[in-house]
Amino acid sequence: MLVVALLTLFAQIPDPLSEFPSDGYALSRPGAPGLICVYGPQAHAVLTSGDSQAQAVAALATAGKGRVFAIAHNGYFNPTFFEEDDGMMMSSLHWLRGDASPGQVAFLRGGGMSLRKTLDAQGYSVVPMPATEFTSLQLLIVEGAGPLDPETLAAIHDWVLKGGTVLAAICPWGWQQIHASDGWDLTTDMAANQILAPFGLLFTDGYAGASADNEFLVNREACVGVNCQNLVAQIASGDLPPSLAPLESALRVLPTDDALLLPKLLPLLPELDAALAPTPEHPLKVKDAPLVRLSVVAVDRRLRDATPDAPMIAPGSSSFPGASPEGSRPVTRMIACDEKKLGWQSTGLYVDPGSVVKLEFPEGAESGWSYRIGAHADQLWHKDRWPRWPSVSTTGAVTSRITSPFGGLLYFQKEKAVAESVNIQVVGAIPAPFWQSGQTTQGMWKAMRDAPGPWAELRGQYLILTVPSASVRKLEDPASLMAYWDRVVETQFLFGAEEPPARPERFVADILISAGYMHSGYPIMMHLDVAESRDQGKKLAVLLDLEELKSKGNWGCFHELGHNRQKPSWTFDGTGEVTNNLFSLYSGQMMADIEPWENDWLQNQKKAGARYLQDGPDFSIWKREPGIALLCYAQIQKHFGWEPFRRTFASARALSSEEQPRNDDAKRSFWVRQMSLATQRDLRPFHAKWGWPLEDRLLADEELGAFESWMPDFEVLKK
C-alpha cells in the first residue's frame, strides 16, 4: 500500500529529477554532511541519508523561471566531485543552466580558487558579487555566509523568479557551531537559508548517516518519502508514513510565519497537554505516538517565543526539571558576577517554569553578561524515547526580566572580553540547596540543604556537582566530599602537565543524555542513577558517598574527566577511548589506592589481550578494542610507573603549534620516541609486538638505538 502510494506520488514529480543520476548511483561522503528540509510544492529531494530515518542530503526547487540546487556539505565543491560529467555535481550545473550556455557566475562572500578553476573550465565567467543588480548573472554560488540585508535578499529573490539560478553547498551543523558565538540562528541568519526558504528548501541541523561504504546511494523512492508535502498528504489521508523525521526537522527550522507547510501540518497534530507530554513517569516513544512527538516539536517552537510579558509553561516541566513545592517563597538575593571567572557562575537559585524573575543592576553594567536557566544542556531531539522535554535550557543576554517555560537553576556567564564584574540583584527566584567551597559553613549547610528548589549544587574549587535536591538532604559533610572531587580534578590536570583549571569542571545528572551512559564536555553529563539516593533513601548517591569513593573510586567519572584531558598530539585513531583511561587508572590509584595493573576494569581485558597476541597482532583489531589497547599502555606503567607518562605529556605541551604531530603516523612516532626517552629504554620492539605500524624515520632513530630494548613478561596476561 505504502509503496504504491509513494510510486504514485513519484509519478507526479516533474522532469527535473530525470536529469540527475538514477537509482544506485553512489556519491562518496566528504566529512559528515548535514540535512536539508524539503517542504515546498516545487521542491524535491535528489539524494537522501543512508540511515533508517532518511532525510534529504541534496535537493532542488523551481521558482518562477528560476532554479536552485542545494547539497549539505561544502566539501562537494571540491573539483573531484565535478569530474564525472553525469555525476551529481556536474548534473546540478547542467540542470541549473538548462539549455543555455555557461554564463556569468558570482560567489556570495568567498569561493575557493579550485572551484573557480572548475567553473572556468566549464565555460563560466567568474565576476564580482553584485551589490543589488543581478540581471547579468546566470548563477550565484553560496557556500555559507551571515545574514543578508533586506535589499540584497529581495534583489536575489526577484532575480531567481525571473530566471536566476543558485547553487548552494554548506555543512549546516558546522556553520551553526562556528556562528553560535555570534548569536546567529541557522534558519533566519544563514544567507543560504534566507535565499532558499521561499522556495521550500532549508538547511537544517543534524548529521546524515551514510551506507556501510561511507557513501550515499540515490534512491528515488526514498527521495519521495522525505518530501514534507507528500508526508502531510499521507497523514491527511490516514496513511501514517513509517518515518516522520523530515517533518520533525521541518517543524524545528521553519519560520513561524511559513505559509507553505505549517498551515497544512499543524491542524493534523493532536493537542499537547500534560497527559501527553514527555515525562520520566510517561516517556514518549516515537514508535508509540509519532504524531504526539511532532506536537512536542511544534509546541517547542512556540515555547521558544515566551517572554516575560507573555510567559509560558511547558507541559510536563513540573515533572522534569521540576518545580518547587507549592507554598515555596521566592527570595531576593544579590549575586556577585566576577569577570575573572570562566563558565557558568552558579547562583544557588531556581527559576520555576513560567515564573518571571527580575534582575536589577547598575545601568550598563550588564553589558557582556548572559543568563542561563537550566543545567541540563543536552538536547534529545535525535533520541527515539523522550523521558523529558528534548531541550530544557534557556539562555539569553542579561536584561531586567527573564523567564523560562521549563525552569531550572539560574546561572550568569561572561560572554565578552569587555564585560566587567557586576552585582546583580535577583528578585523572585526560589532558593535551592547550594554549598560553596570556602563560603558555606557547616551551620549554613544544615539550613540550606532543605531549601525548596528541586536541584542542588555543590561547588568545589575545581568541580561542581549538580544533583537532585533530594539527594543532598542527608549529606552531612559536603566539605570533605568536595575536597575529594577537587583532588581528583587537580591531580588529573597535574598528571597531564596542566595547571589546575580556572574554570571548574561540572558534573550534571540528567534523566537521559544525548549520548552514552556518560559523556565528556562542559558540563560532563551522566544519568540520574549515579546522583540519586539508594536503598530507599538510606544510602547516599554514588557521586556523594565519600567512603565508597575512597575505596572503589568511580571509573565512569574518572573516564569522562580523562576525556577532557586528552590532547590530539598523543591521541590517534583507535585511542579516543584509550588515552583517557590512563587518567582513569591514575585516579583509581591516587584516589582509591587501586593498583593500576590490578584495576577491575583492566583485569577483565587481560585474557583478550593474550588471545590477540597469540593470534598474531593486527593493528586494525587493536584500534577497535579499547581494552586490549589499554593493556599496551598499562604494561609500561606497571614496570616504569607514571613518571614517563608525565614527562611525555609535558613534552607535548612544550611543542609549538608548528611542531605538533599532524597525522596518526607522526603521533605514534612522537609517543614511542618520547616514552623511550623518558624510560631510557628502546620501546620500538615492544610497540611493534602489539602491532603498531612505525615510521621508517622512527625505526632509523639512532638515539633510541643506543638504549637497551625492553620487553615485559607477556605470560602474565594469561593468568
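The values are calculated or read from the model by the stated rules, or taken from the named source; none is laboratory data. Note that the structure is predicted; figures quoted are calculated from it, not measured. Every residue, glycine as well, gets a Cβ built from its backbone with ideal geometry; the counts of neighbours run over all protein chains shown. Ligands, DNA and RNA are excluded from the accessible area calculation, which covers all protein heavy atoms including side chains. Shrake-Rupley method; radii C 1.70, N 1.55, O 1.52, S 1.80 Å.
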If you count only protein heavy atoms and use a 1.4 Å probe, how large is the accessible surface of V530, to the nearest 10 Å²?
10
Write down Rg/Rh for the range 422-578, rounded to two decimals, with Rg from the C-alpha atoms and Rh from the Kirkwood relation over Cα pairs.
0.98
Can you work out the base-10 log of I(q)/I(0) for the range 364-459 at q = 0.11, 0.20, 0.21 1/Å, using the Debye formula on its C-alpha atoms alone?
-0.43, -1.12, -1.16
Report P(r) for the range 47-111: all Cα-Cα distances, bin width 5 Å, range 0 to the bin holding the largest distance, values in whole percent.
3, 13, 20, 28, 20, 10, 4, 1, 0
Extent of the chain along each principal axis, from alpha carbon coordinates, in Å, largest to smallest?
75, 75, 55
Given the DSSP H assignment, sum -39500 (n - 2.57) over each helix run of at least 4 residues in the chain and divide by its residue total; what's the result at 222 nm in deg cm²/dmol, nearest 500?
-9000 deg cm²/dmol
Candidates per trypsin sites (Lys or Arg not before Pro) in the range 384-475, loop by DSSP, up to 16 other Cβ within 10 Å:
K416, R473, K474
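Starting with the highest mean, order 307-320, 583-596 by the number of other Cβ atoms within 10 Å, averaged over the residues of each peptide. Present the calculation step by step, with values, prior to reporting the outcome.
Details: 307-320: 18.6, 583-596: 20.2.
Highest-to-lowest ranking by the protection proxy: 583-596, 307-320.
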By the Kirkwood definition, with r running over pairs of different Cα atoms, the range 616-719 has a hydrodynamic radius in Å of 14.5
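Averaged over all directions, how much area does the convex hull of the C-alpha atoms of the range 111-160 cover when projected, in nm²?
Details: hull surface 15.2 nm².
About 3.8 nm², averaged over all directions.
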Quick one: which residues, 5+ away or cross-chain, put their amide H under 5 Å from the amide H of V398? H built at 1.01 Å from N.
W369, S370, Y371
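First compute the accessible area of the chain with a 1.4 Å probe, then give the percent of it belonging to carbon and sulfur atoms.
Details: 14920 of 30230 Å².
Using a 1.4 Å probe with all protein chains present, the chain comes out at 49 percent carbon and sulfur.
So which of K623/K689; K638/K719; K550/K638; K446/K550; K285/K383; K689/K718 end up more than 20 Å apart, counting from Cα to Cα?
Values: K623/K689 14 Å; K638/K719 16 Å; K550/K638 22 Å; K446/K550 24 Å; K285/K383 9 Å; K689/K718 16 Å.
Listed pairs above 20 Å: K550/K638; K446/K550.
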Taking only the alpha-carbon positions of the range 569-642 as identical scatterers, the Debye log10 I(q)/I(0) at q = 0.13, 0.16, 0.17, 0.25 Å⁻¹ comes out as -0.37, -0.55, -0.62, -1.22
Got a sec? What order do Y612, Y25 fall in by accessible area at 1.4 Å, biggest, i.e. largest, first?
Y25, Y612
Between the DSSP loop rule and a limit of at most 13 other Cβ atoms within 10 Å, which trypsin sites (Lys or Arg not before Pro) in the range 314-360 are left?
K340
Placing one equal point scatterer on each C-alpha of the range 114-224 and summing with Debye, one gets log10 I(q)/I(0) at q = 0.12, 0.23 Å⁻¹ equal to -0.54, -1.29
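Within the range 657-686, list the trypsin sites (Lys or Arg not before Pro) lying in a DSSP loop whose Cβ has at most 15 other Cβ atoms in a 10 Å radius. Intermediate results must be reported in sequence, preceding the final value.
Working: sites: R662, K667, R668, R673, R681; in loops: R662.
Here the sparse-neighbourhood loop sites are R662.
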Take the Cα atoms of the range 328-380, find their three principal axes, and give me the spread along each one in whole Å, biggest first.
32, 29, 17
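How large is the accessible surface per residue of the chain, computed with a 1.4 Å probe and reported in Å² as a whole number?
Numbers: 30230 Å² over 719 residues.
With the other protein chains kept in place, the chain gives 42 Å² per residue.
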Compute the semi-axes of the equivalent ellipsoid of the range 245-398, taking the square root of 5 times each eigenvalue of the Cα gyration tensor, and list them largest first in whole Å.
32, 19, 15
